[in-house]
Amino acid sequence: MAALLEIKGLSAWYGQIRALFDLDLTIEQGGVTALLGANGAGKTTSLRGICNMIRRAGTTIMDGTDISRRTTEDIVRMGVAHVPEGRGTFVALTVEENLRLAFHIRRDRKAAERDMEKVFTYFPRLKERIHQQAGTLSGGEQQMLAVARALMLAPRLMLLDEPSFGLAPLIVQEIFRILRRINEEEKVSMLIVEQNAALALELADHVYLLETGRVVMSGPSEMVKNDETLRKAYLGY
Amino acid sequence: MAAMAQSWATKAGIGKVAMFFWVLLAALPLAGFVTDSPSFDYYMFMGQSMLIYAIAVLGLNLLIGFNGQISLGHSAFFAVGAYTAAILMNFGGVPYWLTLPIAAGVCFGAGFLFGFPALKLEGHYLALATFTLAIAVPQLLKYKAIAGWTGGVGGLLLDKPDPPFGIPLSADQYLYYLCLVVAMVVFWGVFNLLRGRSGRAIMAIRDHGMAAGTMGIDTGLYKTVTFGISAGITGVAGALSAITIAYVAPDSFTLQLSISFLVGLVVGGIASLPGCVIGGAFIVVVQNSSQSISDWMKDTFSLRYDVPAWAIYGTLLLLLMFFLPNGIAGGLAVLRARLGRGSRQS
Amino acid sequence: MDFFIQQIAAGLTNGAIYACVALGLVMIYVSTDHINFAQGEMAMFATYLAWAMIDAGVSYWVAFGATILIAFASGLFIQRVILKPLETAPVLALVVCFIALLSIFNALAGMIWSFTIKQFPSPFPQRDVFGNGLVSVQQIGVVTVTLLMLCLLTVFFRFTTLGLAMRAAAQNATSARLMGVRVSWMLALGWGLASAIGAIAGMLVAPIVFLDPNMMTGILVYGFAGALVGGIANPLGAVAGGFIVGVLENLVGSYIIGNELKLSFALIMVVGVLLLKPAGIFGRVIVKRV
């Protein structure tokens, strides 16, 4: 398998404060990579750095193209869909408008219409709420909407920022089941940031462990799952 | 910017420079005894205007620069001050010097009252409300029902006061000193206000209103009182202008006047006391040279019509916002820091 | 009774123009959170361009269309060149900038076309509609153009993906960027539209008040009042607000305070709405983030 995204020496700052130190990370084509670590370890920062949403340094290469200096919008247009922290719902737009926003950057209208139908097969609940204002959806539904919005961009890589945040365990399981299906059926690669390590380890095939802005360990998720000392030390279970 | 304002307001070293500066200003009219230039009185009149604008800009700066409330309506308070003085002198027979504190009080009241609605408004909205005030006031001054007092469209003509006690000064020399003394009193007052506890509260509200509130500062009271003081100071400037020009008319107090205060403020420097004097002088210089600038531009670009002063104001505001956002005083401070103590200061 | 009907008709005509101005203000407010003090002067300047074209022999409707296009382009240009660098500047810097633009456009118009008033042609005849001297074709025309424009804008924002992208960018810029929307260009587009709408307002009002560089000052204040009454974040509300203000202004002017205090009435309305109902009649309260 070839690398879809290659990150070399990614650093990032919030104002004067450096939050990320020389992150090296590779995402395989079709793979699911998890970025784990405690609060403030730099997980969200890494995703923002990839999308050029903050001051950053280092190179990111997407499928052979250097995207380090591209704007966020261009990176998105190249097939990187970022499901942000806090879900980024357009609260005053309807569910349908939230999804249709993707039509703005999609050339192939017919394919986009088909994708919309497909999105509804993954998230039938959104279809039921199609004309509702997105702000009135429940937390779980908004998270589904965020994933669905990203999916509408027909991405090759999805960056997921804590999709389990603040949701009931049953909903979380449902969402992760759907994510697995999306990964398998749509061949979308994923980079997922999670606090809920056990859950992420189920989904991911590769894991990076972050601590205060640096990678402390990386490897196949099987390895981490089976290494009790590692789990206890970094993941707390 | 906040740190800079702090240093301007409190640094002891600036005292000597300021002292020298005021003495220099006080010495200027003495040149009248050695020159017999026929336009000397006119220069004195320009000096009066500069001082008056400096006071008005100071009032505005107290509000915008130090307290963070935006006003585009200070022409209205200037007008209230001018009309208060004019009406008192014309109908009440009140001596001109007594109209100054009265105008200050009336404008303080007006500003305080306008400050109440202003409390609920922030940023753009306050700018919008005061903008409307500036537009509405000239029309209000022309209103027929009060024309008996205001003179309507034609305004009021006043007598220019003569120097008292037979002081051997021309009227314009004397009025210059009047403006200078008033300016010194007002600047000294504001300087002390800002240096003290209230000053720190005023600036804390600008820098972070909510935090100031949680520290026990009554932000509402401070903001309304600051609005009142600011309007009062600008009102004194208005009264002085009525006295020195000996004439008031509604069309002198349009939005353009507010804009020229704003120009003075931005040119001199936001939250800078010396900047107010620089700004005041600058406004008068632009006003006086606008005709020659206009003529020059007409020749150079073969224009058919005059270039209004607005054009200069507007262009200047835009350029300053881009290249010298801290004004001339701010630019000088940076320059001094660079030349003086090298890179350590920055 | 006839007088009353006349006042209502005149009020609706003025209201239509205030509605246009208000709509332009809302357009910029919604996309950038700014209140554009130069909206009136930009409209005035565009109207002068139209006048110059008509004066040079161009037919009215060609000049009308061309002016709208030029206004759109210059709105776009102003946002890209002047306001984009100030995106993160404090409010004061922006207010100063808008005041600067106001002064520059006013002065430019005076420099190029002088401050003497000019007559601006109307595409609508002055003739009565019903032959009883109550409502003129001109008045109907002005109101129709405004409503037509409102319809077009509604269609644009409701049913096109570009309109949707603009709404999304205004609502949540970060999130819009993550959907691939070029947010900064959406703001510029908002400025372009606002400027074009302003130009229409200017060309509609010029035949009524005559053309001069200070033509829009008072109208802008009423536009502000209209936008605030209807809710400054709500286009439909702003149009309704514009009409309400227009009618109120005429009724209050002719029955209560007389025409001399109309601007003071606008001041009272602006301050009153800001104090009592800052979100306007039709607007929702926007909770401020800390």
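Kindly list the number of the only condition in (1) part of a helix (DSSP H, G or I); (2) under 25 Å from A:L145 (Cα atoms); (3) not aliphatic (A, V, I, L, M) that fails for C:G180.
(1)
Within the group A:T44, A:T72, A:T26, which residue is closer than 21 Å to A:A148 by Cα, polar (S, T, N, Q) and free of Cβ contacts under 8 Å to residues at least 40 places away in the same chain?
Result: A:T72 is the single residue among A:T44, A:T72, A:T26 that is closer than 21 Å to A:A148 by Cα, polar (S, T, N, Q) and free of Cβ contacts under 8 Å to residues at least 40 places away in the same chain.
Quick one: which of C:L228, C:L236 is more than 13 Å from every other protein chain (Cβ to nearest Cβ), at negative phi and hydrophobic (A, V, I, L, M, F, W, C)?
One residue alone meets the criteria, C:L236.
Residues checked against (1) under 25 Å from B:D41 (Cβ atoms); (2) in contact with a Lys or Arg (Cβ under 9 Å, 6 or more places away or on another chain); (3) among the charged types (D, E, K, R):
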site	(1), (2), (3)
B:S252	yes, no, no
B:I259	no, no, no
B:I278	yes, no, no
B:V285	yes, no, no
B:N288	yes, no, no
B:D295	yes, no, yes
B:T300	no, no, no
B:A309	yes, no, no
B:I312	no, no, no
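Against the definition (farther than 19 Å from C:S195 by Cβ and within 14 Å of chain A (Cβ to nearest Cβ)), how does C:R158 come out, yes or no?
Here the answer is yes, as C:R158 does meet what is asked.
Could you list, in sequence order, all residues of the range C:188-225 that are surrounded by 24 or more Cβ atoms within 10 Å (Cβ to Cβ) and either within 14 Å of chain A (Cβ to nearest Cβ) or hydroxyl-bearing (S, T, Y) (or both)?
C:S195, C:Y222
How many residues are more than 7 Å from chain C (Cβ to nearest Cβ) and assigned to a helix (DSSP H, G or I) when one looks only at the range B:296-321?
The qualifying residues number 10.
If you go through the range A:84-143 one residue at a time, how many are out of contact with any Ser or Thr (no Cβ under 8 Å at 6 or more places or on another chain), within 14 Å of another protein chain (Cβ to nearest Cβ) and assigned to a loop (DSSP other than H, G, I, E, B)?
Total satisfying the criteria: 9.
When C:G75 is evaluated against the numbered criteria (1) at pLDDT below 90; (2) small (G, A, S); (3) crowded, with 17+ Cβ neighbours inside 10 Å; (4) out of contact with any strand residue (DSSP E or B) (no Cβ under 9 Å at 6 or more places or on another chain), which criterion, by number, is the only one it fails?
Of (1) at pLDDT below 90; (2) small (G, A, S); (3) crowded, with 17+ Cβ neighbours inside 10 Å; (4) out of contact with any strand residue (DSSP E or B) (no Cβ under 9 Å at 6 or more places or on another chain), only one is false for C:G75: (1).
Of these, B:T99, B:T132, which one is surrounded by 19 or more Cβ atoms within 10 Å (Cβ to Cβ), part of a helix (DSSP H, G or I) and within 14 Å of chain C (Cβ to nearest Cβ)?
The conditions single out B:T132.
Going through the range A:28-83 one residue at a time, which ones are charged (D, E, K, R) and either in a helix (DSSP H, G or I) or surrounded by 24 or more Cβ atoms within 10 Å (Cβ to Cβ) (or both)? Talk me through it step by step, then tell me what you get.
Within the range A:28-83, the subset charged (D, E, K, R) is A:28, A:43, A:48, A:55-56, A:63, A:66, A:69-70, A:73-74, A:77.
Scanning the range A:28-83 gives A:K43, A:R48, A:E73, A:D74, A:R77.
Go over the candidates A:T229, A:T212, A:T136 one by one and state the one that is over 19 Å from the mean Cα position of the chain (by Cα) and under 22 Å from A:G88 (Cβ atoms).
A:T136
Which is crowded, with 17+ Cβ neighbours inside 10 Å, more than 14 Å from every other protein chain (Cβ to nearest Cβ), within 30 Å of C:V205 (Cα to Cα) and modelled with pLDDT of 85 or more, of C:L148, C:L153?
Numbers: C:L148 fails: crowded, with 17+ Cβ neighbours inside 10 Å.
Answer to the check: C:L153.
Quick one: is B:L72 part of a loop (DSSP other than H, G, I, E, B) and of a type in the set (A, V, I, L, M)?
yes
For the structure I just gave you, tell me whether A:E97 is surrounded by 14 or more Cβ atoms within 10 Å (Cβ to Cβ), more than 20 Å from the chain's Cα centre (by Cα) and at pLDDT 90 or above. Steps first, please.
Working: surrounded by 14 or more Cβ atoms within 10 Å (Cβ to Cβ): yes; more than 20 Å from the chain's Cα centre (by Cα): yes; at pLDDT 90 or above: yes.
Against the criterion (surrounded by 14 or more Cβ atoms within 10 Å (Cβ to Cβ), more than 20 Å from the chain's Cα centre (by Cα) and at pLDDT 90 or above), A:E97 qualifies.
Take B:T244 and decide whether it is more than 13 Å from the chain's Cα centre (by Cα) and closer than 30 Å to B:I202 by Cα.
no
Return yes when C:F265 is crowded, with 18+ Cβ neighbours inside 10 Å, over 16 Å from the mean Cα position of the chain (by Cα) and aromatic (F, W, Y) and no when it is not.
Against the criterion (crowded, with 18+ Cβ neighbours inside 10 Å, over 16 Å from the mean Cα position of the chain (by Cα) and aromatic (F, W, Y)), C:F265 qualifies.
Out of A:A111, A:A81, report the one residue that is small (G, A, S) and farther than 21 Å from A:T45 by Cα. Give the steps one after another, and end with the answer.
Numbers: A:A81 fails: farther than 21 Å from A:T45 by Cα.
Just one listed residue meets the conditions, A:A111.
As an exercise: evaluate B:A85 against (1) within 12 Å of another protein chain (Cβ to nearest Cβ); (2) crowded, with 20+ Cβ neighbours inside 10 Å; (3) not in a loop (DSSP other than H, G, I, E, B) and give the number of the one condition it does not meet.
Only one criterion is unmet by B:A85, namely (1).
Quick one: which of B:S230, B:S241 is away from chain C (no Cβ under 12 Å), small (G, A, S) and closer than 19 Å to B:M44 by Cα?
Answer to the check: B:S241.
When the residues of the range A:23-72 are narrowed to those that are touching a Phe, Trp or Tyr at 6+ places or on another chain (Cβ under 9 Å) and more than 30 Å from A:R231 (Cβ to Cβ), which ends up farthest from the other protein chains (Cβ to nearest Cβ)?
So the residue we want is A:A57.
How many residues are under 30 Å from B:F40 (Cβ atoms) and in a helix (DSSP H, G or I) if we restrict to the range B:136-193?
21
For residues in the range C:67-97 being within 14 Å of chain B (Cβ to nearest Cβ) and of a type in the set (D, E, K, R), which is farthest from C:A56 (Cα to Cα)?
C:E87
Which of the residues spanning the range B:151-180 are among the hydrophobic types (A, V, I, L, M, F, W, C) and surrounded by 13 or more Cβ atoms within 10 Å (Cβ to Cβ)? Don't jump to the end; show me each part of the working.
Initial filter on the range B:151-180 (among the hydrophobic types (A, V, I, L, M, F, W, C)): B:153, B:156-158, B:165, B:167, B:169, B:171, B:175, B:178-180.
Once the filter is applied, which keeps residues that are among the hydrophobic types (A, V, I, L, M, F, W, C) and surrounded by 13 or more Cβ atoms within 10 Å (Cβ to Cβ), the range B:151-180 yields B:V153, B:L156, B:L158, B:L169, B:A171, B:L175, B:L178, B:C179, B:L180.
The values are calculated or read from the model by the stated rules, or taken from the named source; none is laboratory data. What you are looking at is a predicted structure, and each value in this text was computed from that prediction instead of being measured. A quick note on method: Cβ atoms are made from the backbone with ideal geometry, for glycine too, and the neighbour counts reach across all protein chains shown.
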